[in-house]
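Trainee: Handing you a structure now.
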Amino acid sequence: MSASRLLGEIADVGRDPKRGGYSRHAFDAPEQDLRAWFGERALGLGLDVDTDHNGNIWAWWGPPGPDAVVTGSHLDSVPGGGAFDGPLGVVSALSAVESLQENGFRPGKPFAVVVFAEEEGGRFGVPCLGSRLLTGTIDADKARALRDADGVTFAEAAAKAGFDPARIGADPERLGLIGKFLELHVEQGRGLIDLGSPVAVGSTVIAHGRWRFSFTGQGNHAGATLLADRADPMLPAAATVTAVRRLAHAVPDARATVGRLVPTPGGTNVIASTVDLWLDARVPGTATPALVEDIRQAAEAAAADEGCRVTVTRESYSDDVVFDDALRHDLGGWLGAPPELPTGAGHDAAILAGFVPAGMLYVRNPTGISHSPEEFAEAGDVEAGAAALATVLERLAR
Ligand code: HGY
Ligand code: MN
Ligand code: MN
C-alpha cells in the first residue's frame, strides 16, 4: 500500500477539534489506536511485532538478530500537531517493506521497523523519551517520575497501558541488535522548498533543550489588592518571555521559544500564585547553556522587582549531533546526491546517533511549517520519499 494511502488510514485518529491538527500523546486513546493500527499493518506484512519494556514497538522482518537494519520514527504528536511529523517515517517504512517484498527482496540481515514512544514529549515533557530510555540516556527513576499536566506519572501511565514500570530503563541487549538506524521524516522548515528536490539527506541536528521556569508570588484578589501590595508572578513571567526573544537575537542562529505558560490557579479575577513557563532553547554548537543562563538572570531580576521568586529546572538537553559520515555518504550516493540538510528539529535518530550509525532522509514540506496543522507534504513527494527509503533499505539490508 502506498505511503499516502497508509497516512489516509490514520487521518482521523486523534484530530484535535479545539486546537486543530492532531493531539496524540503517549498511551492516550488516539496513540493507542495508532499502536494497534501499526501492529495490524505490520502483521499484514508478515512482520513479527513486539513492544519493548519502554513502550517502543519493533516489527521484525525475519528473526531479530545483530547488525540489524532498523528504520522508523514515531506516531505521537505535539498538541495540535501536523499529520506528517512522525507518521510519515512510519508509513514510509511500511510501504518500503511492502514494495521490497513485492520485488522479491528478502533481507540478508536482521531488519526491523520501529515506532518510538513519546518522541515529542507532548505528555511527559522529555522529547525522545522512548529512545532515551532504550539507550539509557535518561535515568529510569527520573523517567518513571515524570508527570503529565494532570499529575499522572509515566510509570502510572505505562502500567495502565500494560507495561511493567519496574522494567522501564536502558535496554542494552535490544540496542545492541541495531547495526544501522535510518529515519525518514517530513522536513520541518523551509530547507527543501527552494532546492528542487523532494528528498534530502540529514547532516546534523543542532543542540537543544527544555527548561522549566517556576515563578512564585502571592495569589490574591484582582480587585481588592492595590498594585503596591502585589507580588504577581505573571509580571516576571511576561518579562522573561520578551527577554527570551531579546537575548536570543544576540546569539547567532539561536532559536528560543516559550510556547507553554501556565498560571495557577488561572482565574480571570485572580492574581496568580504561581506561573510556570517552559523554555525551548536551541543553538548550534555549545552556546545554548550560556543563552539559558542569561535568560535565567533576566528572570531572576524581573522576579526580584516584583517581590517574587523563580526556580529554573533543566528538563532535557541534547548536544549537537552529526550523523554518521559513511552512512550519509552512502545514502547520498544511492539516491543520486540529493541535498544534505541540517535541522533544528530533534529526532530519535539523533539520540541513536550516539550509539549506532544513524542517518535521516527528509521529505519536502512546501509550507515550511511544522508542529502545526499547516504542516504538509505533497502526495508525489510522499511517494518519492518512500521510494527513496526502499532504495536505501535494500542496499543496507543486502
Ligand atoms: O522538538 C523537536 O524538535 C521534535 O519535533 N521533537
Ligand atoms: Mn516534532
Ligand atoms: Mn518528529
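Trainee: Below 8 Å, C-alpha to C-alpha, sequence gap of six or more: please give me the relative contact order for segment 208-318 in percent.
Mentor: Dividing the mean separation by the residue count of segment 208-318 yields 46 percent.
Trainee: Here's something else I'd like to know. In percent, how large is the relative contact order of the chain, given Cα pairs closer than 8 Å and 6 or more residues apart?
Mentor: On the way: 901 pairs, mean separation 88.9, N = 398.
Relative contact order, the chain: 22 percent.
Trainee: Note down the accessible area of Lys180, probe 1.4 Å, to the nearest 10 Å².
Mentor: The value for Lys180 is about 70 Å².
Trainee: Provide the packing ranking of 370-381, 160-171, i.e. peptides ordered by the mean count of other C-beta atoms within 10 Å per residue, highest first.
Mentor: 370-381, 160-171
Trainee: Related question: For the Cα atoms of the chain, what angle does the longest principal axis make with the long axis of helix 29-44, in degrees from 0 to 90, nearest 10?
Mentor: With both axes taken from Cα atoms, the answer is about 10 degrees.
Trainee: What's the center-to-center distance, using Cα atoms, between segment 263-283 and segment 83-109 in Å?
Mentor: The two parts, judged by their Cα centres, are 43 Å apart.
Trainee: Would you calculate the separation in nanometres between label points at Ala304 and Asn220, each defined as 7 Å from the Cα along the Cα-to-beta-carbon direction?
Mentor: A separation of 2.2 nm, rounded to one decimal place.
Trainee: Which one of Phe154, Ile351, Val382 has its Cα pushed farthest toward the positive end of the charge dipole of the chain, where Lys and Arg give +1 and Asp and Glu give -1 at the Cβ?
Mentor: So the residue furthest toward the plus end is Phe154.
Trainee: Keeping every protein chain present and rolling a 1.4 Å probe, give me the accessible area per residue for segment 344-398 in Å².
Mentor: Dividing the accessible area of segment 344-398 by its residue count gives 32 Å².
Trainee: Further, regarding this structure: Quick one: Cα centre-to-centre distance for segment 309-373 and segment 180-216, in angstrom?
Mentor: The two parts, judged by their Cα centres, are 5 Å apart.
Trainee: Which value, in debye to the nearest 20, describes the size of the charge dipole of segment 208-318 about its Cα centre when Lys and Arg Cβ atoms bear +1, Asp and Glu Cβ atoms bear -1, and nothing else is charged?
Mentor: Numbers: 11 positive and 11 negative charges, 63 e Å.
Computed charge dipole of segment 208-318: roughly 300 debye.
Trainee: So, one more: So, counting K/R as plus one and D/E as minus one, what does the shell of residues with Cβ under 11 Å around Thr135 add up to?
Mentor: 0
Trainee: Then there's this: Using the basic label-point model (7 angstrom from Cα toward the beta carbon), what is the Asp319 to Thr286 distance in nanometres?
Mentor: 0.9
Trainee: Where nothing but the Cβ of Lys and Arg (+1) and of Asp and Glu (-1) is charged, how large is the charge dipole of the chain around its Cα centre, in debye to the nearest 20?
Mentor: 360
Trainee: Here is a follow-up. In nm, what is the difference between 0.36 nm times the number of residues separating Arg212 and Ala36 and their Cα-Cα distance?
Mentor: Contour length minus Cα-Cα distance gives 60.0 nm.
Trainee: Beta carbons within 10 angstrom, averaged per residue: use that to sort the peptides 344-355, 281-292, 263-274, highest first. Walk me through the intermediate numbers first.
Mentor: Details: 344-355: 23.9, 281-292: 18.7, 263-274: 14.6.
In decreasing order of mean packing, 344-355, 281-292, 263-274 become 344-355, 281-292, 263-274.
Trainee: Averaged per residue, what accessible area in Å² does segment 208-318 show with a 1.4 Å probe, protein chains only?
Mentor: 52
Trainee: Counting helices only, and only those DSSP H runs with n ≥ 4, report the 222 nm mean residue ellipticity of the chain as the sum of -39,500 (n - 2.57) divided by its residues, in deg cm²/dmol to the nearest 500.
Mentor: -10000 deg cm²/dmol
Trainee: Compute the signed sum of charges (Lys and Arg +1, Asp and Glu -1) over the other residues within less than 11 Å, Cβ to Cβ, of Ser99.
Mentor: -4
The values are calculated or read from the model by the stated rules, or taken from the named source; none is laboratory data. Computed from a predicted model, the values in this text were never measured in an experiment. Note: ideal-geometry Cβ built from the backbone for every residue, glycine included; neighbour counts use all protein chains shown. When the accessible area is computed, the model is the full protein with side chains, heavy atoms only, and any ligands, DNA or RNA have been set aside. Shrake-Rupley method; radii C 1.70, N 1.55, O 1.52, S 1.80 Å.
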